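Everything on this sheet refers to the single structure shown next.
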Amino acid sequence: MAENEAHITVRDVTMAFGSFVLMHDLDFTVRHNDIFIIMGASGSGKSTLLRHMVGLNEPVHGEMFYGGASFTRADPVERNRMLRGVGILYQGGALFSSMTLAENVGMPLAEYTDLGPTEVLEIASLKLALVGLKGFEDFYPSQLSGGMVKRAGLARAMPRP
Amino acid sequence: MVRLAGPWHLQRGLPSPAALQRELHGQPPMRVVFDATALRGWDSSLVNFLVQVVEPCRERGVPVDQEGLPSGVRRLITLAEAVPERKGARTKALPLPILDRIGLAWIRGGESVSAILSFLGDVTQAVGQLVRGKARYRSVDLLLLIQQAGAEALPIVTLISFLMGSIFAFVGAVQLQKFGAGVYVADLVGIAMVREMGAVMTGIVLAGRTGAAYAAQLGTMKVTQETDALTTMGLSPLEFLVLPRMLGLGLMMPLLCLYSDGVGILGGAAVAVGMLHIPLVTYFGRIKTSVDLTMLSGGIFKAAVYGVLVAFSGCLRGLQSGASASAVGDAATSAVVTSIVLIITACGIFAVTFYILGI
C-alpha cells in the first residue's frame, strides 16, 4: 500500500436532522498511516460525523469512500465487510452488559473467524492485557469503573491481528 | 447610572429588571454606568439581573460601562455572553389550533402503524435467515432467555392459574347448584381453562413479566449504544436480540399454557371437593369426557401465538425507545399495553375462526 494513498474519503457530505442542517459540503481525506483528529466545540457534530461514517446515520447528500470503494452506495452485506476493518470505541464503552469482558472482546473473533473458543479466549486475554486489564476476563461491565469499561471497549475495538 | 445596593441573594427572590428595561425602551440613555459601592454580597441573582439589562442595551447600541461592577460579576457576564445563542436551538412551543393537533395525531398514528409494519417485515426477514440457518445469535443467550421466560415464570403462573381455576369453580358452583347440577362445575372449569383462559392468562402474565423486561432490556441497550455496537460489528440486532427472544417465548408459552391448564383444573378440583363435596374421581371423570385433544391442542397453539406476540411487542417497543430513563419506562409500559391489546385481538380472531372451522 502506498504511503499517501487515500484511505477514507468524505466527499461533499451534508448531515441534517430533519430540517436542521448540522454540517454541509464536508470534504476531507484520511491517508494511510495518518492519525486524523476531528476537533470542534461541543454540540458541533463530531460524534454525528463518525456515526455517519460507519453507517449508523445516513447523510442527506454526499458520499464516503473506504479505500476507493463507496461506502454510502454499498449494500448491507458489502458494508459489513468494509466495517470489519473498522474499530469503534463508543462514548460510554457500549460493552454488551450481558457478557463478560472476555466474551465482549472475543465476540468479533468468534463471529468472523474460524478460531475455537479457547483460542478466542486466548486472543481476548491478550487484548485485555494490552489495555492493562489482565485478570479481568470474567468480570461483567457493570462490575468495572468507567475508565476500565472504556479500556475494555478499546480492547474490543482493536482491529484483528 | 444604575445604583446597586444591599445584599443580592437568591434567598431574597429575583428582583425584576422590568423597570430598567422599560426605561431603555422609551428614551434610550446615552450610556449605562453601574455603581456598586453600596453592594453588600451578591450571587447569580445579580448576574442574571445584569445580563438582562446588558443584553437589550447591546441590541440598541447603548454603550455599557461595566467598570463600576465587582470584577467577579464582570467575568461572569462576559462568560454568559461568550457563546451567542444558537439560531433555531430554542424551540418555540406554540399552542397549536385544534385541527392541527388532530391532523398531527393522525399523522403520528399512521407513522406508528408503518413503524410496526416495517418491524414486522424486518422480523420476517430475520425468521427467513433463521430458517435458512444463517441467523447469527448466541445459543447461550437463547438458553438463558428460555430459562428466564419459562422455568422462572412457574411460580406466578401457578398462583394465577390455581386462583383462576378455583374462581371459575366457585362462581360456576353457586349458579349450577341452583339447578342441582353442581357436578358440571368440572366441565365448566375444564373447558374454560383449556380452551381460552390458560393461554390468555399465561399470555398476560408473561406480557407483564417478560414482555416489559424485553422492552426495558432493549431500550437500555439503545441508551448505552449496545445496539449501535452490534450493528457496526455487522450483527443485526434483529437476529442477535429479537430472534432468540421470540423463539424463547414461542417455545415456552405452549409449555407454560399446558402447565397452567393443569394447575387451573386442580384449582377447580379444590373448590369442587371442598365446597361441593364432589368426589375427586367424579370430577376428573367429567373433565375427561368434556375436554378433548382438539380443544387442548387449540389452546396450546393459541399460547404459542400469544408468546410470539408478547415477544414481538416487547422487542418492538424496546427498539423504538428513546435515549433516556423515562423513555425506557415508557417503552416498557407501551410494550405491556401493546401485548395485551394484541393478545385480546388475537383471542377474538381465534374465537371466530375456530367457530367457523367448527373446532
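The values are calculated or read from the model by the stated rules, or taken from the named source; none is laboratory data. As the structure is a prediction and not an experimental result, all values here were calculated from the model. Quick reminder, even Gly has a Cβ in these numbers, built from the backbone with ideal geometry, and neighbours come from all protein chains shown.
Of A:Ile8, A:Ile35, all but one fail to be surrounded by 15 or more Cβ atoms within 10 Å (Cβ to Cβ) and either small (Gly, Ala, Ser) or more than 14 Å from chain B (Cβ to nearest Cβ) (or both); the exception is A:Ile8.
Looking at segment B:272-359, what helices (runs of 4 or more DSSP H) fall wholly within it and have at least 3 residues that are under 23 Å from the mean Cα position of the chain (by Cα)? Steps first, answer last, please.
Working: elements: B:280-290, B:293-320, B:325-357.
Helices (runs of 4 or more DSSP H) meeting the threshold: B:293-320, B:325-357.
Considered as a group, the residues in segment A:103-115 that are at pLDDT below 85 and more than 10 Å from chain B (Cβ to nearest Cβ) include one that is nearest to B:Met221 (Cα to Cα), and that residue is A:Leu109. Residues in segment B:125-159 that are away from chain A (no Cβ under 14 Å) and under 23 Å from the mean Cα position of the chain (by Cα) were compared, and the one that is surrounded by the most Cβ atoms within 10 Å (Cβ to Cβ) is B:Ala149.
Considering only residues in segment B:220-242 that are within 10 Å of another protein chain (Cβ to nearest Cβ) and charged (D, E, K, R), the one that is nearest to B:Asp122 (Cα to Cα) turns out to be B:Asp228.
Within segment B:215-228, the set of residues being in contact with a Lys or Arg (Cβ under 9 Å, 6 or more places away or on another chain) and either part of a loop (DSSP other than H, G, I, E, B) or surrounded by fewer than 24 Cβ atoms within 10 Å (Cβ to Cβ) (or both) comprises B:Gln217, B:Asp228. Taking the criterion of being assigned to a helix (DSSP H, G or I), more than 21 Å from A:Val54 (Cα to Cα) and touching a residue at least 12 places away in the same chain (Cβ under 8 Å), the residues of segment A:107-145 that qualify are A:Val120, A:Leu121, A:Ile123, A:Ala124, A:Ser125, A:Lys127, A:Leu128, A:Leu130, A:Pro141, A:Ser142. Does segment B:242-262 contain at least one residue that is buried (at least 16 other Cβ atoms within 10 Å of the Cβ), assigned to a loop (DSSP other than H, G, I, E, B) and touching a residue at least 60 places away in the same chain (Cβ under 8 Å)? No, the conditions are met nowhere in segment B:242-262. Count of segment A:78-102 residues, restricted to those that are at the interface with another protein chain (Cβ under 9 Å from one of its Cβ atoms) and either over 30 Å from A:Ser145 (Cα atoms) or not basic (Lys, Arg) (or both), is 16. Looking across segment A:62-77, the residues that are out of contact with any strand residue (DSSP E or B) (no Cβ under 8 Å at 6 or more places or on another chain), of a type outside the set (Asp, Glu) and either more than 10 Å from every other protein chain (Cβ to nearest Cβ) or surrounded by 14 or more Cβ atoms within 10 Å (Cβ to Cβ) (or both) come down to A:Ala69, A:Ala74. Just one of the numbered conditions (1) within 16 Å of the chain's Cα centre (by Cα); (2) closer than 20 Å to B:Lys222 by Cα is not true of A:Tyr66: (2). When segment B:339-349 is limited to residues that are touching a helix residue (DSSP H, G or I) at 6+ places or on another chain (Cβ under 7 Å) and surrounded by fewer than 22 Cβ atoms within 10 Å (Cβ to Cβ), the one that is nearest to B:Ser118 (Cα to Cα) turns out to be B:Leu342.
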